[in-house]
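Here's the structure we're looking at; comments come further down.
The values are calculated or read from the model by the stated rules, or taken from the named source; none is laboratory data. These numbers come from a predicted model, not from an experiment. Cβ sites come from the backbone with ideal geometry, for glycine too, and all protein chains shown count toward neighbours. To get the accessible areas, we keep the full protein, side chains included, count just its heavy atoms, and leave off ligands, DNA and RNA. Shrake-Rupley method; radii C 1.70, N 1.55, O 1.52, S 1.80 Å.
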Amino acid sequence: MGGFESFVALLDTQPVYVVTAATDAGQRAGCLVGFAGQCSIRPPRFTVWLSKVNHTYAVAMHSPVLVVHLLPQRHDLAELFGGRSGDAVDKFAAIGWQPGPSGVPVLTDALAWFAGRVLDRVDWGDHVGFLLDPFVTRTTTGRCPLRLGDVTDIDAGHPA
C-alpha cells in the first residue's frame with residue numbers, strides 16, 4: 001500500500017454512519033456510509049457521499065430529507081446496512097425503526113441521529129455528495145460509535 005491509500009489507512013478513527021432515505025411514494029432505503037462529515041459551522045451543514053451504484057443512492061435522489069445515524073458497537077447493524085443490498089433485501093424488516101421526519105426511517109438502536117434537509121447534490125466521481133441542513137437531532141448516549149476500522153471485514157452489498 002502506498003501513496004494516498006497509506007494516508008487514508010491511518011484514518012480509522014472516523015465513525016461510520018447509516019444513512020436512510022424515503023420517497024413520497026413510500027420507498028425506503030439505508031446504507032452504511034464511510035464518507036461523511038461536518039462541512040460548515042455557521043450555518044451548520046453536513047455532507048454525506050453515496051455511491052452511485054448503491055440502492056440507497058437511487059432513493060436518496062428523490063428524498064427531500066436524509067437521516068444520518070451513529071451506530072453503537074454492533075457489527076450486525078453495520079453488516080446489514082453495508083453488506084446487503086436493498087435491491088434484494090428489506091433491511092428494515094430485520095431491525096427496530098420508526099418513521100422520522102418526512103417518513104424517513106430512524107433506527108431505534110442508533111446512539112444518535114439527525115435529520116437534514118437536502119440542500120444540494122453534487123457529483124464527485126463515483127459518489128454524489130448530499131449537502132444537508134440539520135433540523136432535528138437526537139442523542140441517547142455519549143458512548144463511542146462504531147468506527148471505520150471496526151467494519152473493514154464487511155464485503156459491500158454493491159462495489160463502490
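Here is how the numbers come out for the structure above:
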{"item": "Matching entry among HIS127, HIS69, HIS62 (being at pLDDT 85 or above and over 15 Å from the mean Cα position of the chain (by Cα))", "result": "HIS62"}
{"item": "Pair list, Cβ under 8 Å, 6 or more apart: the range 121-132 residue under 21 Å from PRO44 (Cα atoms), other residue of a type in the set (Ser, Thr, Tyr) and open to solvent by less than 10 Å² (accessible area, probe 1.4 Å)", "result": "none"}
{"item": "Odd one out for ARG143, checked against (1) open to solvent by 40 Å² or more (accessible area, probe 1.4 Å); (2) in contact with a Pro (Cβ under 9 Å, 6 or more places away or on another chain); (3) outside any loop (DSSP other than H, G, I, E, B); (4) touching a residue at least 40 places away in the same chain (Cβ under 8 Å)", "result": "(3)"}
{"item": "Residue satisfying condition, being surrounded by 15 or more Cβ atoms within 10 Å (Cβ to Cβ) and under 23 Å from ALA9 (Cα atoms), within set VAL33, VAL67, VAL59, VAL53", "result": "VAL33"}
{"item": "Residues of the range 78-106 classified as open to solvent by 10 Å² or more (accessible area, probe 1.4 Å) and either in a strand (DSSP E or B) or in contact with a Ser or Thr (Cβ under 7 Å, 6 or more places away or on another chain) (or both), total", "result": "5"}
{"item": "Residue under evaluation GLY125, criteria (1) in contact with a Pro (Cβ under 8 Å, 6 or more places away or on another chain); (2) part of a loop (DSSP other than H, G, I, E, B); (3) not charged (D, E, K, R), criterion not met", "result": "(1)"}
